[in-house]
Amino acid sequence: MTSSTSLGQRQPRTAAALSRRAMVTLPIAAMGAVQARSAAAARSSRSSRRARTVAYVGSRTTAAREGQGKGIEVYDLGPNGDDPTLLQTVELDNPTFLATDRTRRFLYAVHGDFTYVSAYRIAPGTGLLTALGHQDTGGRNPAHLAVDPTNRFLVVANHSSGSVATLPLLDDGRLGPVADLLPLPGTPGPHRTEQTGCKPHHVPFSPDGRFLVVPDKGLDRIFTLTLDAGSGKLGLASSVATREFAGPRHIAFHPRLPYAYTIDELRSTVTAYGWDAGKGALEPLQILSSTAPTMTGDSRGAEIAVSPDGRFVYASNRGGAGDSSPGGPEPDIIGVFQVSARTGRLRPVEWISTQGIRPRFFCLSPDGRRLYAANERSHTVVTYDVDTAGGGLTPTGTVVRTGSPVCVLLQRVP
């Protein structure tokens with residue numbers, strides 16, 4: 001039987017209160033044994049709390065984006081990751097992508113269609129957020145952000161104004177003014193409305209932390225950048241052209257082998273690349289459709305991830321011809337692809353319904369056993385069990401209903 005979890009319906013359970021009630025009527029002679037069991041239960045409870053995961057859910061909130069969200073919602077997912085309880089709502093405009101610093105004490109949010117990034121302190125034990133202020137990004141519509149491996153700078157992709165910015169991280173978690181702003185060079189692709197200029201959409205670091213890799217949807221090109229961790233200065237190391245009209249959106253690296261994979265938004269394709277970690281260079285290996293062979297309508301690729309064991313790649317697809325089209329009425333899909341450890345190339349396994357419309361984002365749990373799909377237009381986050389042997393996805397029945405979710409960030413609560 002499946003079940004649906006609405007916001008705020010579950011209340012935290014207090015094991016300590018149950019233990020106190022159990023001890024009231026016990027004989028004195030049994031108190032020592034009960035106290036020992038109670039202490040063991042308390043230790044177990046503390047251990048369970050330490051293992052719990054908090055999910056930060058960012059959303060669209062503005063009328064221009066037909067947003068129905070409120071800002072950032074904080075959920076305790078429970079010890080097994082499928083018992084969500086709403087802990088906090090932080091109301092703000094379009095927190096469309098989230099990241100924590102390397103110490104996991106601070107959280108940062110870019111605000112789509114605006115010009116700033118905001119900072120928050122994460123409370124130990126609960127994961128609750130306290131605002132620390134915001135800082136201008138030097139551009140418009142920041143779409144993604146990442147913290148550098150030295151924990152000194154935040155890197156931001158200014159999607160609409162075509163630049164990558166660095167901002168210093170201060171000791172108290174706040175952000176300093178822009179340290180560097182790098183426009184990306186190139187000729188726009190052929191799409192008349194989606195490729196009007198440079199449009200960086202993703203700024204993850206390579207697995208060894210030496211490079212930033214920036215898919216640019218507007219230029220049909222992927223850039224590799226360097227970051228001076230002392231000054232925050234960005235430099236261009238290399239770039240590779242994609243197939244025209246591809247619109248590369250996000251990139252995901254293999255956890256062990258020298259491969260990387262992009263989701264190409266405009267063509268709804270997945271491209272496999274060889275990765276030269278010494279030079280910071282990508283070499284195209286394969287292009288295949290991110291949608292099922294029976295898909296005949298318009299589609300836009302959205303998110304991509306590699307499983308923690310490196311055996312599978314997942315890619316989400318949004319039906320329709322862009323953000324201005326309504327999407328649906330059929331649910332959208334996530335494609336599952338098996339990775340060849342020998343060549344890095346992919347083989348399609350299956351396509352799974354996201355049980356909703358516009359999965360702009362999804363993520364895997366750190367152990368790779370759960371997947372969370374955020375359906376922006378149908379206002380749900382759907383949880384799946386992952387078959388780690390075969391790669392397939394099975395809905396768990398847990399569905400969080402929340403307005404316009406577009407990012408889910410998982411974090412262990414110490």
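Suppose every K and R has +1 on its Cβ and every D and E has -1 on its Cβ; what is the size of the dipole of the chain about the Cα centre, in Debye to the nearest 20?
Once rounded to the nearest 20, the dipole reads 1280 debye.
Per residue of the stretch 365-380, what does 6.51 cos²θ - 1.76 cosθ + 1.60 with θ = phi - 60° give for ³J(HN,Hα)? Whole Hz please, x for Gly and Pro, Karplus curve as stated.
Each residue's phi maps through the Karplus curve to give 5, x, 8, x, 8, 10, 10, 10, 9, 9, 8, 4, 7, 9, 6, 9 Hz.
Pick from 345, 358, 318: which residue has the top mean-square fluctuation in a GNM of the chain where Cα pairs under 10 Å get a spring?
Result: 345 has the largest fluctuation of those listed.
Which value in deg cm²/dmol, rounded to the nearest 500, describes the helix-derived mean residue ellipticity at 222 nm for the chain, given -39,500 (n - 2.57) per DSSP H run of n ≥ 4 and division by the residue count?
Per the formula, -2500 deg cm²/dmol.
Given the options 137, 107, 53, identify the residue whose Cα lies farthest towards the positive end of the charge dipole of the chain (+1 on Cβ of Lys, Arg; -1 on Cβ of Asp, Glu).
53
Per residue, what volume in Å³ does the Cα convex hull of the chain take up?
Taking the convex hull of the Cα positions in the chain, it is 155 Å³ per residue.
Positive end of the charge dipole of the stretch 48-203 (Lys, Arg +1 and Asp, Glu -1 on Cβ, about the Cα centre): tell me which of 69, 97, 80 has its Cα farthest that way.
Result: 80, furthest along the dipole toward the positive end.
Using alpha carbons only, how many degrees (0 to 90, rounded to 10) separate the axis of helix 31-51 from the longest principal axis of the chain?
10
Determine the distance separating the Cα centre of the stretch 64-109 from the Cα centre of the stretch 352-403; give it in Å without decimals.
16
Report the normalised scattering of the stretch 275-412 as log10 I(q)/I(0) at q = 0.09, 0.13, 0.17, 0.18 Å⁻¹, calculated by the Debye formula with identical scatterers on the alpha carbons.
-0.27, -0.56, -0.93, -1.02
Give me the accessible area of residue 294, 1.4 Å probe, in Å² rounded to the nearest 10.
120
Report the Cα centroid-to-centroid distance between the stretch 210-239 and the stretch 145-182 in angstrom, as an integer.
So the two Cα centres are separated by 13 Å.
Compute the length gained on full extension between residue 236 and residue 341: take 0.36 nm times their separation in residues and subtract their Cα-Cα distance, giving the result in nm to one decimal.
Answer, rounded to one decimal: 34.8 nm.
Going by accessible area, probe 1.4 Å, with all protein chains left in place, what is the ranking of 52, 210, 360, largest first?
The ordering from most to least exposed comes out as 210, 52, 360.
Given a 1.4 Å probe and heavy atoms of the protein chains only, how would you sort 367, 82, 332, largest accessible area at the top?
367, 82, 332
In 10 Å bins starting at 0, how do the alpha-carbon pair distances of the stretch 210-278 split up by percent?
21, 49, 27, 4
Which aspartates and glutamates have a Cα less than 14 Å from the Cα of residue 199, not counting those fewer than 8 places away in the same chain?
Answer for residue 199, where 14 Å is the Cα cut-off: 113, 216, 220, 264, 265, listed by chain and number.
Rounded to whole Å and sorted largest first, what semi-axes of the equivalent ellipsoid does the C-alpha gyration tensor of the stretch 141-244 yield via the square root of 5 times each eigenvalue?
Taking √(5λ) for each eigenvalue gives 25, 14, 10 Å, largest first.
Might you tell me the accessible area per residue for the chain, computed with a 1.4 Å probe and given in Å²?
43
How far apart, in nm, are the 7 Å Cα→Cβ label points at residue 401 and residue 100?
Roughly 3.0 nm, to one decimal.
The values are calculated or read from the model by the stated rules, or taken from the named source; none is laboratory data. A quick note: this is a predicted structure, and the numbers were derived from the prediction, not measured. Virtual Cβ from ideal backbone geometry, glycine too; neighbours counted across all protein chains shown. We work out accessible area using only protein heavy atoms, side chains counted, and drop any ligands, DNA or RNA first. Shrake-Rupley method; radii C 1.70, N 1.55, O 1.52, S 1.80 Å.
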